[in-house]
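Structure first, then comments.
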Amino acid sequence: MFWLAYALVFLGCLGLPPADAAVVEHTFSVGNLTIDRVGQRQVITAVNGQFPGPMLEARDGDAVVVHVVNYSPYNITIHWHGVLQRLSGWADGPSMVSQCPIRPGGATYTYRFNVTGQEGTLWWHAHVSFLRATVYGALLIRPGPDEPHYPFPTPYGEATLLLGEWWNASVVDVERQAMLTGGPPNNSVALTINGMPSGYELAVRHGEIYLLRLVNAALSYQLFFKVAGHAFTVVAADACYTDPYDTDVIVLAPGQTVDALMHANASPGRYYMAAQVYQSVANATYTTTTTGLLRYEHDAAAAAGMSMIMMPSMPAFKDSATAQDFYGRLTGLLRDGKPTVPLHVDTRMLVTYGLGIAPCMPTQTLCNRTRGSVAASMNNVSFQLPKAMSLLEARMRGNADGVYTRDFPDRPPVMFDFTNGSMSSNRSVMLTSKGTRVRRLRFNTTVEVVLQNTAILGSENHPLHLHGFNFYVLAQGAGNFNARTAVRSYNLVNPQQRNTVAVPAGGWAVIRFTADNPGVWVMHCHLDAHLPFGLAMAFEVDDGPTPDTVLPPPPPDYPQC
């Protein structure tokens, strides 16, 4: 009865695109696909028999409709990473946050949302288990009819490069083994460019400018990216325009995207492009690199394979200075009529987060009971997803009791030396509490969050992704956040905007956003192993005062748990 009562209301509240916009419609058939990689035949979960999955293209102002049919053996949801989902939180996709999963055996769900006020490179991916290792693809939003041109020189051509990881195993089994032991998952065996550990090739014409759309779709690693003999001008990050920034190396945390112009002005020939693991963990030893080939057209020697291939000089795999220099130098492009950073703050939060220890659960049959299981937390709360009803449905029903509580703390329960690794010997600091606790926000309030990394089980650069919003990155720094000194470094004029911020290992970042999108929105680490460990929290944003600021009801085909 709940869904019948809302069905007709939903159809009236969904909203239609402007008359000069389009409806972009696709069907995603999710199922098994057998492919050969790294010398082994592997069955993976994929969309429409493609790896990576199909590219979606839309213009600012278009409506997107994607029918997902699940023929795979696993539960599935699709998240449209970076899409703001204005009043369409039912289409956001994180399992048990905005929806129950789409069941195996041919169950369906249709995602419907408008693309409003966004341009640039985003992507989509599974938001259940480790399935986003193979269920992902690009989502390109081009300028709409009101502003048909880029705010940078129009490129001659463009290429979308999806940087990922590959396991010679079922990624579901990889995650299950980690859960049973209470430890980290096994490392992947290779990085990929557009699904290939090697063999991807990009042909360019000498003298022309190309737009490279880069996506870090990896589960576990931040990446350095370079092209031998070439430099870049970064013009956007996470589908938010930046001031032009010249660099020869691009750094992307999992979930992040970068748009960069590349001038094909080197001597005609062949050049390697390379993506390499960046490790921010002090004692980490794993590193790997994948390469693709940039080839100049109309070069006889290159066409015959007779010319030498230049390899880029990559940073050291632990070069945090280069990574933080890249992250910290980006600034936002100010444009007439576009929003700027809000200067008044209504809600301030200090959120500490990182890894800790929790007692082994009965289901963790391979877990060391003396040592315990790795856990993760934010303000010492290890986030637990509900099992019987999604957070968003509970909000809509006005029935949060038994699903979640509204008492996520604004500050950690204990103040200590957050970036001091010796605190790992303090069991009271390492142990976390489990809970599904959210922070309620009044509509249209401005929120400033200090994200403070901890070093309890080692210091690491965690990329934090916020659903439903872009945020301004006001400042970043090393050590423990000190409000008195840090505020002097705040950029309140042209800070970069992001949906995913790579908070420095042993450091902090300050973000600010306006809670103008009613719904329940999760903020979590985009290192996928850390989400089931509990490195997440959620914001519950109230409805606004007018009908056009109220979250509409769920669609009639909303999945049931």
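The values are calculated or read from the model by the stated rules, or taken from the named source; none is laboratory data. All values reported here derive from a predicted model rather than from experimental measurement. Cβ sites come from the backbone with ideal geometry, for glycine too, and all protein chains shown count toward neighbours. Keep in mind that these areas ignore ligands, DNA and RNA; they rest on the heavy atoms of the full protein, side chains included. Shrake-Rupley method; radii C 1.70, N 1.55, O 1.52, S 1.80 Å.
Quick rundown of the values:
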quantity	calculated
Selection within region 483-524 - within 19 Å of Thr454 (Cα to Cα) and of a type outside the set (A, V, I, L, M)	Thr500, Pro504, Gly506, Gly507, Trp508, His524
Hey, Leu180 surrounded by fewer than 17 Cβ atoms within 10 Å (Cβ to Cβ) and among the hydrophobic types (A, V, I, L, M, F, W, C) or not	yes
Qualifying residue in region 129-137 (condition: in contact with a strand residue (DSSP E or B) (Cβ under 7 Å, 6 or more places away or on another chain) and under 18 Å from Tyr210 (Cβ atoms))	no
Residues of region 335-356 satisfying the condition of being among the β-branched types (Val, Ile, Thr) and more than 16 Å from Pro413 (Cβ to Cβ)	Thr340, Val341, Val345, Thr347
Residues being open to solvent by less than 10 Å² (accessible area, probe 1.4 Å) and either closer than 24 Å to Phe471 by Cα or of a type in the set (Ser, Thr, Tyr) (or both) - total across region 260-277	1
Qualifying residue in region 316-329 (condition: open to solvent by 10 Å² or more (accessible area, probe 1.4 Å), touching a residue at least 12 places away in the same chain (Cβ under 8 Å) and part of a strand (DSSP E or B))	no
Region 347-365: number of residues that are at positive phi and exposed (fewer than 15 other Cβ atoms within 10 Å of the Cβ)	0
Residue match in region 189-211 (condition: open to solvent by less than 50 Å² (accessible area, probe 1.4 Å), in contact (Cβ under 8 Å) with a residue 12 or more places away in the chain and in contact with a helix residue (DSSP H, G or I) (Cβ under 8 Å, 6 or more places away or on another chain))	no
Matching residues in region 135-167 - criterion: being crowded, with 18+ Cβ neighbours inside 10 Å, more than 15 Å from the chain's Cα centre (by Cα) and not in a strand (DSSP E or B)	Gly144, Tyr150, Pro155, Trp167
Selection count where residues are part of a loop (DSSP other than H, G, I, E, B) and either modelled with pLDDT under 95 or open to solvent by less than 40 Å² (accessible area, probe 1.4 Å) (or both), scope region 23-72	10
Subset of region 447-462 (residues that are modelled with pLDDT under 95, crowded, with 19+ Cβ neighbours inside 10 Å and not acidic (Asp, Glu))	Asn453, Thr454, Ala455, Ile456, Ser459, Asn461, His462
Those residues of region 73-87 which are in contact with a Leu (Cβ under 8 Å, 6 or more places away or on another chain) and buried (at least 22 other Cβ atoms within 10 Å of the Cβ), in sequence order	Ile76, Trp80, His81, Gly82, Val83, Leu87
Filtered residue count, region 366-379, keeping only those that are over 17 Å from Ala529 (Cα atoms) and surrounded by 18 or more Cβ atoms within 10 Å (Cβ to Cβ)	1
